[in-house]
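K.L.:
Handing you a structure now.
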Amino acid sequence: MITPQDDLHNKLTLEQDQDVKQFLTFIMADEEYGVDILTVQEIRSWEEITVIPNAPDFVKGVINLRGTIVPIIDLRRRFAIPAIEYGPLTVVIVLKVKLESTSKIMGIVVDAVSDVYSIAEHEAKAVPHLSDSEHAQFVAGLVNVGEKMVALLDLEKTMDI
Amino acid sequence: MSIDLSQFFEVFFEESFEGLDAMEAELLNLVPGEEDLETINTIFRAAHSIKGGSGTFGFTSVADFTHVLETLLDQIREGSRDLTAEHVNLLLKSVDCLRALLRSLQAEQQPDLAEADELRIKFEEILGMRAATKAAASDTDSEEPVTESSRNTFQIDFKPHHHLFKTGNEPLYMISELAELGDLETQAFQDDVPDITDFAPEECFLSWRFFLTTDKEQSCIEEIFEWVEDDADITITLCGGLFGDELEETKVAQAATDTEIKEAETAAKPTAEVKKSAPVKSAAANTESTSIRVGIDKVDSLINMVGELVITQAMLSQLGEQEITEATIASLQEGLAQLAHNTRDLQENVMRIRMLPISFVFSRFPRLVRDISQKLDKQVELKLLGEQTELDKTVMEKISDPMVHLVRNSLDHGLETVEKRVAAGKDPVGTVTLNAFHQGGNIVIEIMDDGQGLNTTKIREKAIKNGLISESDDLSDNEINELIFLPGFSTADQVSDLSGRGVGMDVVRRNIEALSGSVEVSSAPGVGSTFTIRLPLTLAILDGQLVRIAEHTYIIPLISIIESLQIDISKVSRVGKDLDVLRLRDEYIPILRLYTIFNHQGAIETLDKTLLVVVESDNQKVGLLVDDLLSQQQVVIKSLEANYQKVDGVSGATILGDGRVSLIVDISGLIKLSGLKKPGSQELIIESKASLEAS
């Protein structure tokens, strides 16, 4: 039996010159999302946070990341998915996001971290136009990894607050 | 071999701007007729470095312009031309012009050469008078005075020292530059090239002899080699206008061994030798200057302190390995106290690295005062005091514009004309004094003039006319003087007929307050005015009062806190729909409920169970309602905007001892957010609170 990883590994060796990128994926409401692994700074567990007054509701607040003030976004709220209580699996993925000319360090709260896949970018398919879910706008493309479907996040849009 | 030179551009620009500053400062010191040779040398060297650098980097517009300037300076330096006031003015203008050229090059824009060309023609006119040749011809060749016998042949012996390549020089470039000057014949000597076994590819073993027939002067050739004159043996000999047998002879004659070249060198006429003069040395000294300049004493004390810290750390870790007894606890406490001490010292000293003497700002004023006083036809002496007073670099950068404004005002409106001064029995030369000193945790900058002072009658009239005060208001002179800082007071055309003070003064005050500083004025009619600016030493650290609102901790800058008190409910009255006002002595203090403004749940809402922190910003007092006062501590200010965005009512964030983030309250932002607004008068007007309710 060929696992998705093996499959991808074969592809990777065959198409080394292709636009293969590694993606870190995470789970949110039983769906799997991916971000370019090069944007990931670190993965942390949920910790106490300082609330920012009058911030949008998906901005949970700011944390101290070794002396840098980093805002944390609740991705469920951003995507208008019903909130769940934070548990031991809840993680904060700290990302370095390029926004226009600057780059910012921001964290996202997700249900759980899943895996790392190598995915050729050109395989990503556009999100169907008629998608009725609120968060379709934050998805840059869809890819199949084996049987599963992974939604690649449009970070620039997600983090633009 | 090609190097991407653009990586050095920033250094070049930085150095050039420094050079221009130095030129400007020295030019201002020059008094025609009494000039000091060393001063002229300094100016020359600065110009020379800029020319060299811009030539290297291909900024020909700058190099060409600096060349004429340098030629003039060279003549003055050599004593073949006397310095005149016209020269100084022209040179000062050139400094401005060069600055503009370099700025546009730095911004990667096409520089505007109109002014440079105009100035260059002036220079060429001056120089042309001496050279007695065609002046002011605008083609590029005219910048070199042409000698009578137009075409000469030079013999140039160029024997680089072996390490030449290591200094970053490339003979090929020099040779091609030589070739551009005229007809070039080249011979290369390979005798020095060692066997392949000893060959070192990064060393230069070749030497050359050139015969250059050119209409250029010898100085043009010297110029090509001037950057390597310490790294090579160079001899330039004029062979006369020959080009024939004689030349052939020389060519044959040099079977070219080292010794022969040496001989030729010694035989060469002294006049033909490349001048070993200061420029090259100074250029070398300049390249050593980099963008970070910290006094060695500061670094030394840091090293000392780190040493102390290491010792303390060793002591503590030793204690940590021991069994904990009463005795170890005592020494542990001692060690921790020492650690606290070390850390504080270290912090202070690290902050000091960012501190620069205020002379960096002061140094621009001599020029400013000179120009303005010339324009206004006033006689002014500028005194600078406390130039060594140190100030944070960021504060420094932002304070210079308000200061320029104040100094300009002092000259324009404060100081009287010579006739008026004489009539008033004063010294015809007015004095403007800039003084800087430390006071408490602040730096104080005073701008004093001995002019006519503010005209309180006129200011009062103006203020009444503009509706800032009413006819019936009885204000002291000081209070009247303060009016000039109010926004409604200015706009140039209205005020110019008045004493003039007040043009944009509200902007000056706003800029200074943005730095957490303050500005005051005191003035006496006929004696002069003094503007006093008070600034925090640094913007990176502030003394904060930690307060609690529900479960949130905020920091209020201690500097804006007037007092903290428990509310006497009987003195609170309600204004409008939902604004409470506390009568405190004879003032009414509006109470801002922080939990409402910040939209936090769970705070204490009854007034008599909470605390009120009375703060002041921009002459406006407000009371902030908090649940509790916590400790006071120094906090390091971190930006929220770096990774997030500007938050209304919050000026930044900091990290508390336990690693949590806490937000710093921005008082003036808070007042704006709360809907309280203060127009020109001291009267408080309560505006719509719709914006607050919406949030």
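K.L.:
If you filter segment A:29-62 for GluC sites (Glu not before Pro), then keep DSSP loop positions with at most 10 other Cβ within 10 Å, what is left?
P.N.:
A:Glu48
K.L.:
Can you list residues whose amide H is under 5 Å from B:Leu391's amide H, if they're 5+ apart or on another chain and H is modeled 1.01 Å from N?
P.N.:
B:Leu356, B:Ile358
K.L.:
For segment B:364-497, what is the Kirkwood estimate of the hydrodynamic radius, computed as the reciprocal of the mean inverse distance between distinct Cα atoms, to one decimal in Å?
P.N.:
So the Kirkwood estimate lands at 16.7 Å.
K.L.:
How long are the semi-axes of the ellipsoid equivalent to segment B:565-680, from square roots of 5 times the Cα gyration tensor eigenvalues, in whole Å, largest first?
P.N.:
Details: eigenvalues 137, 59, 35 Å².
So the equivalent ellipsoid measures 26, 17, 13 Å along its semi-axes.
K.L.:
Projected onto the charge dipole of chain A (+1 at Lys/Arg Cβ, -1 at Asp/Glu Cβ, origin at the Cα centre), which of A:Ile52, A:Ile73, A:Tyr86 gives the Cα projection farthest towards the positive end?
P.N.:
Among A:Ile52, A:Ile73, A:Tyr86, the one farthest towards the positive end of the dipole of chain A is A:Ile52.
K.L.:
Shifting gears a bit: For segment B:517-531, take each phi angle, set θ = phi - 60°, evaluate the Karplus expression 6.51 cos²θ - 1.76 cosθ + 1.60, and give the result in whole Hz per residue in order, putting x for glycine and proline.
P.N.:
With the stated coefficients, segment B:517-531 comes to x, 9, 9, 10, 10, 9, 8, 10, x, x, 9, x, 10, 10, 9 Hz.
K.L.:
Now for a different question. Jot down the per residue volume, in cubic angstrom and as a whole number, of the convex hull over the alpha-carbon atoms of segment B:342-393.
P.N.:
Looking at segment B:342-393, the number lands at 62 Å³ per residue.
K.L.:
To the nearest 500 deg cm²/dmol, what mean residue ellipticity at 222 nm is calculated for chain A from DSSP H runs of n ≥ 4 alone, each contributing -39,500 (n - 2.57), summed and divided by the residues?
P.N.:
Details: 3 runs with 19 residues, N = 161.
After summing the helix terms and dividing by the residues of chain A, the value is -3000 deg cm²/dmol.
K.L.:
Separate question: Using only the Cα atoms of segment B:502-544, build the gyration tensor, take square roots of its eigenvalues as a ≥ b ≥ c, and label the shape rounded, prolate or oblate: rounded if a/c is under 1.5, else prolate if a/b is larger than b/c, else oblate.
P.N.:
Working: a/c = 4.36, a/b = 2.01, b/c = 2.16.
Oblate.
K.L.:
Follow-up. To the nearest 10 degrees, how steeply does helix A:4-14 sit against the main Cα axis of chain A, on a 0 to 90 scale?
P.N.:
Value to nearest ten degrees: 70.
K.L.:
For segment B:291-388, which GluC sites (Glu not before Pro) are both in a DSSP coil and crowded by at most 10 other Cβ atoms within 10 Å? Mind dumping the intermediate values first?
P.N.:
Values: sites: B:Glu308, B:Glu321, B:Glu323, B:Glu326, B:Glu334, B:Glu348, B:Glu381, B:Glu387; in loops: B:Glu323, B:Glu387.
Answer by residue number: B:Glu323.
K.L.:
Could you work out the percent of alpha carbon pairs in segment B:60-113 separated by over 17 Å, rounded to a whole number? Walk me through the intermediate numbers first.
P.N.:
Details: 588 of 1431 pairs.
Counting pairs separated by more than 17 Å, the tail of P(r) holds 41 percent.
K.L.:
How big is the equivalent ellipsoid of segment A:44-83 along its three axes, where each semi-axis is √(5λ) from the Cα gyration tensor, reported in whole Å from largest to smallest? All intermediate terms of the calculation are to be shown ahead of the outcome.
P.N.:
Working: eigenvalues 73, 29, 11 Å².
Working from the Cα gyration tensor, I get semi-axes of 19, 12, 7 Å.
K.L.:
Also, quick follow-up: Over segment B:148-190, what per residue volume does the convex hull of the Cα atoms give, in whole Å³?
P.N.:
Dividing the Cα hull volume of segment B:148-190 by its residues yields 96 Å³.
K.L.:
Decide, for segment B:407-470, between rounded, prolate and oblate: order the square roots of the alpha carbon gyration tensor eigenvalues as a ≥ b ≥ c, take rounded if a/c falls under 1.5, and otherwise choose prolate if a/b is larger than b/c, else oblate.
P.N.:
On the way: a/c = 3.04, a/b = 1.08, b/c = 2.82.
Verdict is oblate for segment B:407-470.
K.L.:
Taking N as the number of residues in segment B:1-127, what is its alpha-carbon radius of gyration divided by 2.2 N^0.38 Å?
P.N.:
In units of the 2.2 N^0.38 Å rule of thumb, it is 1.04.
K.L.:
Pop out the Kirkwood hydrodynamic radius of segment B:532-617 from its pairwise C-alpha distances, inverse of mean 1/r, in Å to one decimal.
P.N.:
Mean inverse Cα-Cα distance, inverted, gives 14.7 Å.
K.L.:
Any chance you could list P(r) for segment A:83-161, counting all Cα-Cα pairs in 5 angstrom bins from zero, rounded to whole %?
P.N.:
3, 12, 18, 21, 25, 16, 5, 0
K.L.:
If only Cα atoms are counted, what is the Rg of segment A:14-161, and what is its Dmax, in Å?
P.N.:
Rg, Dmax (Cα atoms, Å): 15.3, 52.
Each value in this text was obtained by applying a stated rule to the coordinates, not by laboratory testing. Note that the coordinates shown come from a computational prediction; the quantities given were computed from them, not determined experimentally. Glycine also receives a Cβ, built like all others from the backbone with ideal geometry; neighbour counts cover every protein chain displayed.
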